[in-house]
Amino acid sequence: MIKRVRSWWGAEQNDEQPPAVSKDNIPQHVAVIMDGNGRWAKRIGMPRVIGHQNGMKAVKRTAIAADELGIKYLTMYAFSTENWTRPKEEVDFLMRLPEEFLAIELDELIEKNVQVRIMGHKEHLPSHTLAAFEEAIRRTEHNTGLILNFAVNYGSRLEITEAMKKLGREIEGGTIKAEDITPELIGKSLLSEEMPDPDLLIRTSGELRLSNFMLWQLAYSELWFTDIYWPEFNKEHLHEAVAEYQRRSRRYGGLK
């Protein structure tokens, strides 16, 4: 089910409270397309990079709020394989953001028992960007709380293509036969193999598309879209999305 909403805190609804969230039906895995950084900055008359900086603050707010709710996995779409086509100055800035974010926030994430992971094609990342993530992964690898998974240089079509190549090589090598390929085997060949599929997808900024994000994994996810720009996203918006998720009936093509 797809639903597009305006935030409960919009100008026309200032007197309303965010909906209550039940602890009995919390999504295990929430994926987020963090959209609208540049448009938010433009709206307030600032450069796009200011939007990206404030977007990282929203990452921290959302991770802490997700952990408090009991969400186990939070996957943030941070940089796509298509984002390399943006102006070089913006790309260079985006590649420095993980260092800045983790240098400031990693200690608190460790205190919160958060485990940092990265999902994407790492070989194309600048060495300084990858080093920042690798240090965060190393320092949090034994944490047992929320898994904060950054999708960086990630594109779902490339992910699926590489998975098919891997399975093709296994068929050629005689390890498996074509008849052995199942949806479960394909899922285990993807970059997200260690995580369950997302229960809930959130996309900010009012856009209604998946933008090449986890196309296989989102097959039965609940989709929630909001007009709020990502730098504005906060705990109340996450509660709103989860409350809407809890009102839905997930039937997976069957009947309930």
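The table that follows gives values for the structure above.
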{"read-out": "D92 paired with I160, simple spin-label distance in nm, labels 7 Å along Cα-to-beta-carbon", "value": "3.6"}
{"read-out": "Size of electric dipole in the chain: Cβ of Lys, Arg +1 and of Asp, Glu -1, about Cα centre, debye, nearest 20", "value": "580"}
{"read-out": "Prolate/oblate/rounded label for the range 35-132 (Cα gyration tensor, a/c 1.5)", "value": "oblate"}
{"read-out": "The range 225-239 versus the range 135-174: alpha-carbon centroid distance in Å", "value": "27"}
{"read-out": "Cα convex hull of the range 102-256 - mean projected area over all directions, nm²", "value": "12.2"}
{"read-out": "Highest average packing first - 191-199, 40-48, Cβ atoms within 10 Å", "value": "191-199, 40-48"}
{"read-out": "Candidate aspartates and glutamates - alpha carbon under 18 Å from K235, same-chain residues fewer than 8 apart omitted", "value": "D15, E16, D35, D67, E68, E105, E108, D227, E244"}
{"read-out": "Gain upon complete extension [A20, R169; 0.36 nm per residue less C-alpha separation]", "value": "48.7 nm"}
{"read-out": "Kirkwood Rh, Cα atoms: Rg over Rh of the range 171-255", "value": "1.10"}
{"read-out": "The chain: calculated mean residue ellipticity at 222 nm from DSSP helix runs of at least 4, using -39500 (n - 2.57)", "value": "-13000 deg cm²/dmol"}
{"read-out": "Contour excess over end-to-end distance, with Cα ends at Y252 and K122 and 0.36 nm allotted per residue", "value": "43.5 nm"}
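Since every read-out is calculated from the coordinates, none of them should be taken as a lab result. In this text the structure is predicted, and so the values were computed from the model without any measurement. Quick reminder, even Gly has a Cβ in these numbers, built from the backbone with ideal geometry, and neighbours come from all protein chains shown.
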